[in-house]
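Written out below as structure tokens is the structure these notes cover.
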Amino acid sequence: MERIEKTERAVLVGAGGDRHVDELGRLAATLGVEVVGVVEQNRMDRVGYAGKGKRLDIRDIVHNTGAGLVITDDELTASQARVLERDAGTSVVDRTELIIRIFEAHAKDRASRLQVELADLEYRLPRVKGRNEALSRLGGGGVTTRGPGEQQLEYDRRAIRERMGTIARKLDEEKTSRSVRSRRLREGPTPSVALVGYTNAGKTTILNALSGTSRSTRDWLFETLETTTRLVRSDGSAMPDFVVTDTVGFIRKLPTQLIHSFSSTLEAARGADVKVLCADAGSPDLESEVQTVIGTLRETLGGDEIEDGLIICFNKVDTVSEDCLKDLRLKYPGAVFISALEDCAPLLEAIYREISSRGERLELLIPHSEYAAASRLYGLAEIHGTRSTNEGVWMDVTLPPPEARKYNPYQVA
């Protein structure tokens with residue numbers, strides 16, 4: 001597989017009706033690649049991705065700019081890549097490989113690194129052409145020696161499949177551990193919130209603002225890969241604590257290998273009481289990005305489930321005009337508009353409203369001798385009112401259904 005070096009110069013190529021070369025340029029810039037030319041064509045060629053004439057144009061740009069790469073906006077077949085590489089006179093990297101390389105650069109925890117490696121191997125398997133020195137690193141001593149009469153190509157493919165099997169087993173172990181942790185969160189009294197959205201929409205900045213953490217928020221696509229959960233405390237207010245999970249971002253034409261590998265992102269959304277769809281209000285492709293996320297979630301979670309507990313949050317409103325905001329408010333009347341760098345209060349209020357709508361409202365009278373039961377409600381329930389009486393502490397609260405049942409003995413008839 002082609003190694004993409006920083007400071008590399010590249011020509012971008014988009015063919016067909018569904019082209020997003022501006023986004024492709026941002027993906028390239030994330031790896032430090034300098035874009036020195038762009039070639040587009042309305043028709044996708046089956047032989048060489050771009051037509052013969054366009055391939056010659058690409059060759060001229062490569063020659064004149066000294067570009068060392070051609071990056072295509074779609075995944076190529078092995079034969080398309082060979083033809084384009086031959087006619088362009090330089091190495092070719094397709095969109096799938098570019099995204100995998102970005103994920104590889106940003107993967108920090110063990111699960112993310114395993115998932116990226118698996119996606120890489122799934123991509124490479126149908127493209128193996130024969131002897132590949134890099135394959136000698138796959139699996140270490142776990143890869144068996146070549147059998148009698150086994151051709152090199154068969155051996156290389158077998159090495160990849162065996163390594164894929166090893167990774168799959170390790171990921172199953174990770175999935176089991178993650179499922180246990182997720183079940184504990186769902187069964188516990190603390191409500192859960194999942195941040196989902198297009199890549200670079202500001203989900204991690206929102207997580208930091210809500211929870212007071214300081215995770216990396218550099219302006220890179222796919223800066224966040226691993227699923228991260230933080231506790232948001234109520235700071236002594238009448239509102240409950242909740243846990244918020246930041247997830248990997250979506251993108252158009254996300255490689256199928258990575259959709260499968262990063263299924264934990266959708267698991268977090270599936271189990272959440274509230275889902276916050278984060279979008280960059282200043283994006284030139286805002287509508288397409290929102291629909292990409294909704295479509296992917298609907299396909300995975302089901303049409304009815306995606307609408308349950310969904311808040312659409314437009315971030316970075318400080319980057320757009322008042323006229324643009326007015327249009328967005330008309331088109332999305334129930335949405336929340338914030339700048340996470342300045343103030344997340346509107347989103348916090350919307351999350352609390354959604355949590356409250358899913359709970360049970362009770363009037364309680366807790367004896368003074370059992371004040372610990374009343375004290376426990378702070379951070380657990382939304383408290384609408386409280387006062388001290390001769391008999392005990394009267395409280396008007398909204399509780400999650402499992403906790404509401406525990407307080408039935410104190411309920412005022």
(request) Can you put THR190, THR389 in order of Cβ neighbours within 10 angstrom, beginning with the fewest? (result) THR389, THR190
(request) Give the relative contact order (percent, whole number) for the stretch 53-104; include only Cα pairs under 8 Å separated by 6+ residues. (result) 42
(request) Name the long-range amide H neighbours of LEU310: under 5 Å, sequence gap of 5 or more, or other chain; modelled H, no Pro or chain starts. (result) LYS275
(request) List, in order, the whole-Hz ³J(HN,Hα) value for each residue of the stretch 171-176 obtained from phi through the Karplus relation with A = 6.51, B = -1.76, C = 1.60 and θ = phi - 60°; use x for Gly and Pro. (result) 5, 5, 5, 4, 5, 4
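Which value, in debye to the nearest 20, gives the size of the charge dipole of the stretch 359-410 about its Cα centre, when Lys and Arg are +1 and Asp and Glu are -1 at the Cβ?
Working: 5 positive and 7 negative charges, 18 e Å.
That gives a dipole near 80 debye.
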(request) Sort SER369, SER211 so that the residue with the fewest other Cβ atoms within 10 Å of its own Cβ comes first and the one with the most comes last. (result) SER369, SER211
(request) Return the sequence-ordered ³J(HN,Hα) values of the stretch 99-114 in whole Hz as given by the Karplus equation 6.51 cos²θ - 1.76 cosθ + 1.60 applied to θ = phi - 60°, using x for Gly and Pro. (result) 5, 4, 5, 5, 4, 4, 5, 9, 5, 10, 8, 4, 5, 5, 5, 5
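Rank these for me by crowding, CYS278, CYS344, CYS313, CYS324, going from fewest to most other beta carbons within 10 Å. Each step should come with its number before you reach the end.
On the way: CYS278 31, CYS344 21, CYS313 26, CYS324 14.
With the fewest neighbours first, CYS278, CYS344, CYS313, CYS324 line up as CYS324, CYS344, CYS313, CYS278.
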(request) Quick one: which residues, 5 or more positions from SER91 or on another chain, have an amide H under 5 Å from its amide H? H modelled 1.01 Å from N in the peptide plane, none for Pro or chain starts. (result) VAL70
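Each reported figure results from applying straightforward, stated rules to the coordinates on display, with no laboratory input. Note that this is a predicted model, so its numbers are computed, not measured. Please note: Cβ atoms are built from the backbone with ideal geometry, for glycine as well, and neighbour counts cover all protein chains shown.
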